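> First, the structure itself, so that you have it in front of you.
The values are calculated or read from the model by the stated rules, or taken from the named source; none is laboratory data. Quick caveat: nothing in here was measured; it's all calculated off a predicted structure. Neighbour counts run over all protein chains shown; Cβ positions are idealised from the backbone, glycine included. Side chains included, ligands, DNA and RNA excluded: accessible areas come from the protein's heavy atoms. Shrake-Rupley method; radii C 1.70, N 1.55, O 1.52, S 1.80 Å.
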Amino acid sequence: MNAYKEAIEYLYTRLPMFTRDGASAFKKDLDNTIRLCNALDNPQRKFKTLHIAGTNGKGSTSHMLAAILAQAGYKTGLYTSPHLLDFRERIRVNGAMCEQEFVTDFVQKHKALIEDVQPSFFEITVAMAFDYFEKCKVDIAVIEVGLGGRLDSTNIIQPLLSVITNIGFDHMNLLGNTLVEIAGEKAGIIKKNTPVVISEYAAETAAVFLNKAHAEAAPIQFASQVYQTRMLSVDQDYLHIEAIDGNGAEDIYQLDLKGSYQVKNLAGVLLAVDELRKQGFEISSFHVHEALKHVQSTTGIQGRWQQLSKDPFVICDTGHNEDGIHEVLKNLNATTYNKLHFVIGAMRDKDLTHMLPYLPKDAVYYFAAPDMPRAMPPDLLRQEAVAFDLNGGEYSSVQEAFSAAKAAYERGDLIFVGGSNFVVAEVLAEIGERS
């Protein structure tokens with residue numbers, strides 16, 4: 001355990017880390033990742049992959065596809081980021097996190113390589129994941145893009161299929177100030193002669209994907225043009241979604257990921273499954289239905305419209321950009337409560353004008369800073385929020401803000417935790433420590 005803690009601490013302190021350091025940790029080329037993987041004998045070439053990008057929905061889509069493949073009997077790797085509680089959440093096989101011993105051994109064995117290449121935190125974790133999946137002899141791995149696509153470290157793979165979920169405003173300082181520019185970065189994962197599924201058709205960005213796919217001779221489909229999906233209902237256990245395919249066949253799916261945005265993600269997932277079947281994967285309708293009912297227990301995904309307790313009634317969601325916040329608000333509007341207590345934090349480099357104007361003005365806000373150097377101080381966050389008629393108190397920590405919300409809570413109220421992955425992570429950690 002001590003050796004593992006030392007290895008993780010080495011990675012955290014030695015390497016530039018985007019979640020901590022922001023844009024300065026983002027390397028705008030693939031050189032370091034290529035060097036790392038060359039030194040590891042290119043493990044990413046020794047197993048099949050799916051590549052998932054998008055502004056929102058790529059994490060949920062990655063977890064759903066991994067759950068479906070595992071349910072169908074395939075040994076399935078899953079690489080996602082960032083993690084919420086445990087570094088090893090990033091690297092899973094059939095839902096199980098990689099072993100602490102593997103992380104320790106990898107860091108110790110390759111310390112000289114790390115010192116020589118000087119990679120970012122993300123670059124080394126991508127190489128570590130590829131090495132782990134090769135050693136585990138996975139049948140296939142679902143690889144989620146970290147940021148953008150074209151210059152993301154994961155973009156050295158040659159996948160069977162690329163999936164791009166949606167395009168929205170996020171990380172504009174790195175990806176571009178228009179949806180067309182951002183789409184261009186996401187389209188960078190489209191590979192020659194490799195099918196690509198775009199979950200949502202949008203008139204403003206469709207040409208970007210069509211042109212890139214044509215240039216690469218990559219078959220392209222927009223899932224929202226093939227599957228019509230709509231939410232039927234949501235109950236304590238499942239989100240119920242109707243899906244009608246291009247032949248008019250109807251089916252109803254039950255998802256344990258209950259955010260309304262899964263309606264859009266499901267179309268992309270179903271079309272991706274259709275494509276995998278064309279490529280010889282044996283995935284039955286039963287596999288899909290069962291997997292979607294048990295994504296959380298199969299893959300360990302957290303923070304997607306997740307109910308943390310019934311009394312007090314607490315829900316968290318990691319949505320933190322304009323599209324993500326709109327989906328959060330859609331879910332809030334579909335939820336019954338008397339008063340909304342909103343525990344919120346944000347990063348300094350976030351453009352809050354894409355989030356704050358849309359938040360409910362009748363909520364009580366608890367402004368806090370996650371324990372991260374990039375975090376916006378609560379007084380500054382409150383100043384920005386007041387300009388949009390969002391009122392509440394400042395708290396020195398997320399834990400203090402959450403405690404204040406619980407103290408003010410009355411039966412029938414709702415405590416919502418969000419605004420940042422790191423706010424959600426700290427509340428999840430606190431609840432985990434108490435349970």
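> Just checking, how many residues over region 215-245 are exposed (fewer than 12 other Cβ atoms within 10 Å of the Cβ) and over 20 Å from Asp274 (Cα atoms)?
Count: 5.
> Do any residues in region 181-198 that are within 13 Å of Leu151 (Cα to Cα) and without any contact (Cβ under 8 Å) to a residue 24 or more places away in the chain have Cβ atoms under 7 Å from those of residues that are assigned to a helix (DSSP H, G or I) and not acidic (Asp, Glu), where the two are at least six apart or on different chains, and which pairs are they?
Qualifying pairs under 7 Å: none.
> I need a count of the residues in region 360-369 that are outside any strand (DSSP E or B) and buried (at least 23 other Cβ atoms within 10 Å of the Cβ).
1
> Restricting attention to region 268-284, does a residue exist that is part of a strand (DSSP E or B) and not assigned by the TED database to the domain that holds Phe416?
Taking every residue of region 268-284 in turn, none turns out to be part of a strand (DSSP E or B) and not assigned by the TED database to the domain that holds Phe416.
> So if I check each of Asn177, Asn173, Asn155, Asn166, which one is within 28 Å of Asn265 (Cα to Cα), modelled with pLDDT of 95 or more and either open to solvent by less than 10 Å² (accessible area, probe 1.4 Å) or in the same structural domain as Val197 (by the TED database) (or both)?
Criteria check complete, one pass: Asn155.
> Can you name the condition, by its number, that Glu384 falls short on among (1) open to solvent by 30 Å² or more (accessible area, probe 1.4 Å); (2) closer than 20 Å to Gly324 by Cβ; (3) assigned to a helix (DSSP H, G or I); (4) out of contact with any helix residue (DSSP H, G or I) (no Cβ under 9 Å at 6 or more places or on another chain)?
Every condition holds for Glu384 apart from (4).
> List every residue pair whose Cβ atoms sit under 6 Å apart, with the two residues 6 or more apart in sequence or on different chains, where the first one lies in region 230-256 and is outside the structural domain of Asn333 (by the TED database) and the second, anywhere, is surrounded by fewer than 14 Cβ atoms within 10 Å (Cβ to Cβ).
His240/Leu232; His240/Ser233; Glu242/Arg230; Glu242/Leu232; Glu242/Ile252; Ile244/Glu250
> Next question, about the same structure. Take Arg411 and decide whether it is farther than 18 Å from Pro82 by Cβ and touching a strand residue (DSSP E or B) at 6+ places or on another chain (Cβ under 9 Å). Don't jump to the end; show me each part of the working.
Values: farther than 18 Å from Pro82 by Cβ: yes; touching a strand residue (DSSP E or B) at 6+ places or on another chain (Cβ under 9 Å): yes.
Yes; evaluated as a whole, the condition is true for this residue.
> Just one of Ile325, Ile415, Ile344 is closer than 13 Å to Val314 by Cβ and open to solvent by less than 60 Å² (accessible area, probe 1.4 Å); which is it?
Numbers: Ile325 fails: closer than 13 Å to Val314 by Cβ; Ile344 fails: closer than 13 Å to Val314 by Cβ.
Just one listed residue meets the conditions, Ile415.
> Does region 102-110 contain at least one residue that is within 30 Å of Val417 (Cα to Cα), assigned by the TED database to the domain that holds Asn32 and open to solvent by less than 30 Å² (accessible area, probe 1.4 Å)?
No, because not a single residue in region 102-110 is within 30 Å of Val417 (Cα to Cα), assigned by the TED database to the domain that holds Asn32 and open to solvent by less than 30 Å² (accessible area, probe 1.4 Å).
> Are any residues in region 71-93 out of contact with any helix residue (DSSP H, G or I) (no Cβ under 6 Å at 6 or more places or on another chain) and surrounded by 24 or more Cβ atoms within 10 Å (Cβ to Cβ), and if so, which ones?
Arg92
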